[in-house]
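Participant: The structure follows.
The values are calculated or read from the model by the stated rules, or taken from the named source; none is laboratory data. Computed from a prediction, not measured in an experiment: that's the story for all the values here. Please note: Cβ atoms are built from the backbone with ideal geometry, for glycine as well, and neighbour counts cover all protein chains shown. Please note that ligands, DNA and RNA were not included when accessible areas were found on the heavy atoms of the full protein model with its side chains. Shrake-Rupley method; radii C 1.70, N 1.55, O 1.52, S 1.80 Å.
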Amino acid sequence: MELNPTELTPVINRLKRAQGQLAAVTRMLAEGRDCKDVVTQLAAVSKALDRAGFAIIATGLEQCIVQKDATMNTKDLEKLFLSLA
């Protein structure tokens, strides 16, 4: 299954933001910032990654339904989805 890069532009942007947030978490730890602030920022990174993963899977599901992609079956897609849970 090959995903359409145009459809994934928002996902790529979300991952880039998450990358910046993760760098901020690392910086906050090195600076000895308050635990609450670090955990809040880390939770934001986690949520951004989850959303990106779900968007990728949703795009894949749509593609499989529309194009009848024989390389991915329901069980494979379910495993991918559950790996994010």
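Participant: What pairs come out if I take residues in the range 11-39 that are assigned to a helix (DSSP H, G or I) and pair them with residues that are open to solvent by 70 Å² or more (accessible area, probe 1.4 Å) and aliphatic (A, V, I, L, M) whose C-beta lies under 7 Å away, six or more apart or interchain?
Facilitator: Pairs that qualify, where the first residue is assigned to a helix (DSSP H, G or I) and the partner is open to solvent by 70 Å² or more (accessible area, probe 1.4 Å) and aliphatic (A, V, I, L, M), are A18/L49; V25/L42; V38/L29.
Participant: So, in the range 65-82, how many residues would count as being touching a helix residue (DSSP H, G or I) at 6+ places or on another chain (Cβ under 8 Å) and either exposed (fewer than 10 other Cβ atoms within 10 Å of the Cβ) or at pLDDT 70 or above (or both)?
Facilitator: 3
Participant: Another one. Checking L3 against (1) out of contact with any Gly (no Cβ under 7 Å at 6 or more places or on another chain); (2) within 29 Å of T59 (Cβ to Cβ), which single condition isn't satisfied?
Facilitator: Answer for L3: the failing condition is (1).
Participant: Would you check if there is a residue in the range 26-40 being under 30 Å from Q63 (Cβ atoms), touching a helix residue (DSSP H, G or I) at 6+ places or on another chain (Cβ under 6 Å) and either open to solvent by less than 90 Å² (accessible area, probe 1.4 Å) or small (G, A, S) (or both)?
Facilitator: no
Participant: Within the range 43-64, is even one residue at pLDDT 85 or above and more than 18 Å from S83 (Cβ to Cβ)?
Facilitator: Checking the range 43-64: at least one residue is at pLDDT 85 or above and more than 18 Å from S83 (Cβ to Cβ).
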